[in-house]
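Chemist: Pasting a structure here, questions to come.
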Amino acid sequence: LCLSRALIGLGEGLGVPAVGASLGTLPDSRRSSGTSTVYAGSTAGVGLGLLLCPFLIDQFGWPFIFWAFAAAGVLWTGWWMSLAPTLGYKKSESTEGSVPWEEILQNPAVWSVVACHAMSNIAFYALLTWMPSFFSRGVGLNIELAGFCAFLPYLFGAIASLGVGKLADKLLEDGWELSTLRKFFQGIAFFGPAICMILNATIGPSLGVVAQVGLLILATTLKAGDRAGLFCNHADLSPRYAGALLALSSTAGAIAPIPVIEYIGHLIDQTGSFSMGLFVPVAVAQILGGLLYVGTANNSRQEFDGR
């Protein structure tokens with residue numbers, strides 16, 4: 001399993017910068033909608049995994065999960081390899097030249113994005129890891145119903161992501177200043193879910209399962225705002241090196257959640273409560289991320305972009 005995850009990381013180490021570089025070619029007027037469309041797919045994929053896995057385990061046993069996703073990966077790779085040559089990609093001048101890592105690593109605006117990406121992913125992966133356990137162990141649902149409840153927030157998040165991008169592009173067209181636009185949507189993406197987590201931690205248990213699921217759906221829907229905020233920031237800073245910037249921040253975003261997820265498991269065991277063990281730490285991460293982004297984010301084109 002560890003080897004499999006390492007190989008996935010190796011693949012994503014190439015795929016993530018490629019996605020960032022592609023988004024960097026979009027003009028400012030379409031960057032939010034293009035970015036939100038791409039990330040809507042990843043959100044939907046997470047949700048489908050949570051929905052399908054319990055059913056497959058119940059019907060065929062847990063080893064079937066590995067066979068099923070391996071087969072899907074092979075089929076997807078074959079489809080992509082046959083499709084890619086027909087898309088007519090051309091090497092863009094915006095991606096030429098070596099990456100100026102020294103200038104990038106000394107740039108405060110870059111480190112603001114890196115830190116905020118880490119805070120965002122702490123919340124995202126903590127919920128992704130522990131939400132099914134919350135519904136099965138904390139609420140007492142069976143595995144299939146727990147998977148369905150865990151799927152719903154990501155379904156609504158994917159749908160909201162598409163709307164967020166269109167809205168952000170429209171507001172930019174209507175005259176909103178880019179920095180104000182990014183901070184507005186990212187503020188919603190951080191502070192909105194934080195409020196939902198606090199409500200789930202304090203009054204959620206007394207409201208019942210439906211209300212708790214509703215708060216998680218609302219949290220994930222509001223988090224879609226980061227598609228027009230943080231995840232556009234790399235290309236705002238440097239369209240030419242957007243892929244490199246996304247690779248850098250994604251590395252921090254992959255590492256930062258690891259100790260936090262472990263600590264959340266410890267808190268849940270110690271307190272016997274998902275309210276204090278899961279929802280409160282996630283809320284804290286989101287509040288810190290929101291304050292950091294609103295206070296330090298910069299959306300101006302940086303000198304290292306070379307334009």
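The values are calculated or read from the model by the stated rules, or taken from the named source; none is laboratory data. What you see is a predicted model, and the numbers here were worked out from it, not measured in a lab. These area figures cover heavy atoms from the full protein model, side chains too; ligands, DNA and RNA do not enter into them. Shrake-Rupley method; radii C 1.70, N 1.55, O 1.52, S 1.80 Å.
Chemist: What is the distance in Å between the Cα centres of the stretch 229-257 and the stretch 122-153?
Modeler: The stretch 229-257 and the stretch 122-153 have Cα centres spaced 28 Å from each other.
Chemist: Follow-up. Convert each backbone phi in the stretch 29-46 into a coupling constant with the Karplus relation 6.51 cos²θ - 1.76 cosθ + 1.60 (shift: θ = phi - 60°), then list the ³J(HN,Hα) values in order as whole Hz, x for Gly and Pro.
Modeler: 5, 10, 5, 5, 5, x, 5, 5, 5, 4, 6, 4, x, 5, 5, 5, x, 4
Chemist: Comparing Gly214, Gly290, Gly192, which has the greatest mean-square fluctuation in the GNM of the chain with Cα pairs linked when under 10 Å apart?
Modeler: Result: Gly214 has the largest fluctuation of those listed.
Chemist: Cα atoms only, the stretch 122-230: Rg and Dmax in Å?
Modeler: Considering the stretch 122-230 through its Cα atoms, Rg and Dmax are 15.4, 50 Å.
Chemist: Another question about this same structure. Run the Debye formula on the Cα coordinates of the stretch 211-274, all scatterers equal and no solvent, and tell me log10 I(q)/I(0) at q = 0.28, 0.30 1/Å.
Modeler: -1.06, -1.08
Chemist: With a Cα-only, solvent-free Debye model of the chain, what are the log10 I(q)/I(0) values at q = 0.08, 0.10 Å⁻¹?
Modeler: Relative scattering, expressed as log10 I(q)/I(0), comes to -0.37, -0.58.
Chemist: With each run of n ≥ 4 DSSP H residues scored as -39500 (n - 2.57), what mean residue ellipticity at 222 nm is computed for the chain after dividing by its residue count and rounding to the nearest 500 deg cm²/dmol? Let's see the in-between values first.
Modeler: Numbers: 13 runs with 237 residues, N = 307.
Per the formula, -26000 deg cm²/dmol.
Chemist: Defining a contact as two alpha carbons under 8 Å apart and six or more residues distant in sequence, what relative contact order in percent does the chain show? Show your work: numbers first, answer last.
Modeler: On the way: 415 pairs, mean separation 104.6, N = 307.
RCO, the chain: 34 percent.
Chemist: Kirkwood Rh, Cα Rg: Rg to Rh for the stretch 3-112? Spell out each step's value before the answer.
Modeler: Details: Rg = 18.3 Å, Rh = 17.5 Å.
Ratio of gyration radius to Kirkwood radius for the stretch 3-112: 1.05.
Chemist: Starting from 0.36 nm per residue, how many nanometres of slack lie between Lys170 and Glu262 once their C-alpha separation is accounted for? The partial results should precede the final answer.
Modeler: Details: separation 92, 0.36 × 92 = 33.12 nm, distance 4.12 nm.
Working it through step by step, the gained length comes to 29.0 nm.
Chemist: Classify the stretch 264-307 from the C-alpha gyration tensor, please: rounded if a/c falls under 1.5, else prolate or oblate depending on whether a/b exceeds b/c. Kindly include the intermediate steps, with their values, before the conclusion.
Modeler: Working: a/c = 7.30, a/b = 3.55, b/c = 2.05.
Because a/c hits 1.5 or more and a/b exceeds b/c, the stretch 264-307 counts as prolate.
Chemist: Now for a different question. Would you mind working out the accessible area per residue for the chain, using a 1.4 Å probe, and quoting it in Å²? Display every interim value, and only then the final one.
Modeler: Values: 15420 Å² over 307 residues.
In whole numbers, the chain has 50 Å² accessible per residue.
Chemist: So what's the stretch 53-190 giving for Cα Rg divided by 2.2 N^0.38 Å, two decimals? Don't skip to the answer; put the middle values down first.
Modeler: Details: Rg = 21.1 Å, N = 138, 2.2 N^0.38 = 14.3 Å.
That ratio works out to 1.47.
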